[in-house]
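Structure first, then comments.
The values are calculated or read from the model by the stated rules, or taken from the named source; none is laboratory data. Quick caveat: nothing in here was measured; it's all calculated off a predicted structure. We place every Cβ from the backbone using ideal geometry, glycine too, and count neighbours over all the protein chains shown.
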Amino acid sequence: MTNEFDKFLKQLDVIRGSAAISDDIFAELRSVKKFLEVNIPVRMDNGKSKIFTGYRSQYNDARGPFKGGIRFHENVNAGEVKALSAWMAFKCAVVNIPLGGGKGGVIVDPKKLSLGELERLSRGYIRAIAPIIGDRIDIPAPDVNTDERVMGWMLDEYESIRGRHEPGVITGKPLSLGGSQARSYSTAQGGYFVIDSVIKKLGLKKGATVAVQGFGNAGRNIAFIMETAGYKIVSVSDSKGAILDRRGLDVIDVAKYKDEHHTLEGYPKAKYLTEESRFLEKVDIFIPAALENSVTAENAKVLNAKIIMELANGPVTPEADAIFAEKGIPVIPDILANAGGVVVSYFEQVQNAYGYYWEEKEVLQKLESVMRQAFDDVWKTSQEKKISLRCAAYVVAALRIAQAMKARK
Ligand code: NAD
């Protein structure tokens, strides 16, 4: 199994020459500050107890409390959780919000649990990590297979332990428990502000064609937002195949079909493409919004886009990245493109701290301003240093983290 943390270390090595950071600080950036492994006994519906293993990784908190989601997945492992916590610190720094990087995970396939078992596991996990979290210490949120209902249970458990309200300890909560407006589609909305800024720089027209890989939360929201803004969504895909209509898809209609049939196959108003042919279609903008490593060297060789935006975390493999660089196709990196989610999480915390809640319009205005500024910072660094947007995003973030670390010494 590839150690994802090694992948992160390689990314650090790539920017070593472009970021003026002392050796001492670089050495610190190569390790996680604190890592906790917990074993959680859960009473199963059959009356027996089962032990689940979970982790919480706290990578760096120089700029503010550790921040990062909790993943429930059977492939969760220590290396992955550590890497995701490091990427969170870089993501928060690139959009310049005062938070560090953390991440949590439990090795479990939640589809095999009853609702009661899932609740007991969620409460058990938060009890196990409660001593090291807090609204000024480390703030969890949802990630793969955890949602606002799980966050609601976790918040309730944490507040029961503390004996007081502390809504800012967890973000991505239901609105009724102090969640923020626009949080549910904030990742895609943030991505939209970024791609719109890129398009303006490159002079692409609004009617440009778009293909989206993955039709889950991130994928369907970005498809809908871009369709509404006047782009032509010519293709969307799920794990089994893709649909194509050069005249433009009606995204809401496709979403309705997918919800009813749990597949895109058979959608009557578009052509169904198989696994092999889905990358052969020419589009202006390609948005991977599925899973890690889903755009391989093989895909990269045939993909013919003008811009690629990583809405998923780590979708483009390093080999594919090199091919895109060779072809001169700009790739907008994940730590910038999908940071909208953590930005609105930060807004959620700010609202919790004040006990005063903003309207959706206000959240979106603030999100737009943060995302466009972040894009400008990355673009400028990329032009000045003549490096890729990915390297530029890492350089901007690393310098900000290093500056805070230095100021503490
Ligand atoms: P999700 O589970 O809702 O959706 C994933 C989708 O990808 C599903 O439609 C699935 O069928 C599809 N898929 C899987 N393999 C595929 C393949 N090879 N080709 C095409 N489609 C494939 O997940 P999500 O919440 O939308 O997250 C997607 C990605 O975005 C993840 O990498 C996640 O870490 C990242 N992300 C999401 C958020 C968020 O707020 N949802 C925030 C930041 C990052």
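Just to be sure before I move on: is Val236 surrounded by fewer than 23 Cβ atoms within 10 Å (Cβ to Cβ) and either over 21 Å from Val283 (Cα atoms) or in contact with a strand residue (DSSP E or B) (Cβ under 7 Å, 6 or more places away or on another chain) (or both) in the structure I sent? Criteria not met by Val236. For segment 224-236, the set of residues classified as of a type in the set (Gly, Ala, Ser), within 16 Å of the ligand (Cβ to nearest atom) and farther than 20 Å from Thr274 by Cα is empty.
Does Ile199 satisfy being within 24 Å of Lys366 (Cα to Cα), part of a helix (DSSP H, G or I), assigned by TED's automatic domain parsing to the domain that holds Ile332 and within 16 Å of the ligand (Cβ to nearest atom)? Criteria not met by Ile199. Taking Ala270 as the residue in question, decide whether it is farther than 24 Å from Asn221 by Cβ, in contact (Cβ under 8 Å) with a residue 24 or more places away in the chain and more than 16 Å from the chain's Cα centre (by Cα). Against the criterion (farther than 24 Å from Asn221 by Cβ, in contact (Cβ under 8 Å) with a residue 24 or more places away in the chain and more than 16 Å from the chain's Cα centre (by Cα)), Ala270 does not qualify.
Given the options Val210, Val194, name the one that is within 16 Å of the ligand (Cβ to nearest atom), in a strand (DSSP E or B) and assigned by TED's automatic domain parsing to the domain that holds Val295.
Val210
Residues that are within 30 Å of Gln383 (Cβ to Cβ) and either touching a Gly at 6+ places or on another chain (Cβ under 6 Å) or surrounded by fewer than 14 Cβ atoms within 10 Å (Cβ to Cβ) (or both) within segment 344-366 comprise just one, Gln365. Of the residues making up segment 386-406, those that are without any contact (Cβ under 8 Å) to a residue 40 or more places away in the chain and in a helix (DSSP H, G or I) number 2.
Every residue, every condition in (1) within 16 Å of the ligand (Cβ to nearest atom); (2) touching a Phe, Trp or Tyr at 6+ places or on another chain (Cβ under 9 Å); (3) more than 30 Å from Pro288 (Cα to Cα), yes or no:
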| position | (1), (2), (3) |
| --- | --- |
| Thr146 | yes, yes, no |
| Val150 | yes, yes, no |
| Met154 | no, yes, yes |
| Arg164 | no, no, yes |
| Pro174 | yes, no, no |
| Ser180 | yes, yes, no |
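In the set Ile70, Ile51, Ile107, only one residue is crowded, with 20+ Cβ neighbours inside 10 Å, touching a residue at least 12 places away in the same chain (Cβ under 8 Å) and out of contact with any Cys (no Cβ under 9 Å at 6 or more places or on another chain); that residue is Ile70.
Assess whether Thr296 counts as being within 12 Å of the ligand (Cβ to nearest atom) and either at negative phi or more than 18 Å from the chain's Cα centre (by Cα) (or both). Against the criterion (within 12 Å of the ligand (Cβ to nearest atom) and either at negative phi or more than 18 Å from the chain's Cα centre (by Cα) (or both)), Thr296 qualifies. For segment 163-181, the set of residues classified as in contact (Cβ under 8 Å) with a residue 12 or more places away in the chain and on the phi < 0 side of the Ramachandran plot consists of Glu166, Pro167, Gly168, Val169, Ile170, Thr171, Lys173, Pro174, Leu177, Gly179, Ser180, Gln181, listed by residue number. Filtering segment 242-253 to residues that are crowded, with 18+ Cβ neighbours inside 10 Å and either over 24 Å from the mean Cα position of the chain (by Cα) or more than 13 Å from the ligand (Cβ to nearest atom) (or both) leaves Ile243, Leu244, Leu249, Val251.
So which of Gly328, Gly314 ends up being in the same structural domain as Phe193 (by TED's automatic domain parsing), small (Gly, Ala, Ser), at positive phi and buried (at least 18 other Cβ atoms within 10 Å of the Cβ)? The unique qualifying residue is Gly314. Among the residues making up segment 195-233, those that are at pLDDT 95 or above, surrounded by fewer than 24 Cβ atoms within 10 Å (Cβ to Cβ) and among the aliphatic types (A, V, I, L, M) are Ile225, Ile233.
Scanning segment 299-318 for residues that are away from the ligand (no atom under 16 Å from the Cβ) and of a type in the set (D, E, K, R) yields a count of 2.
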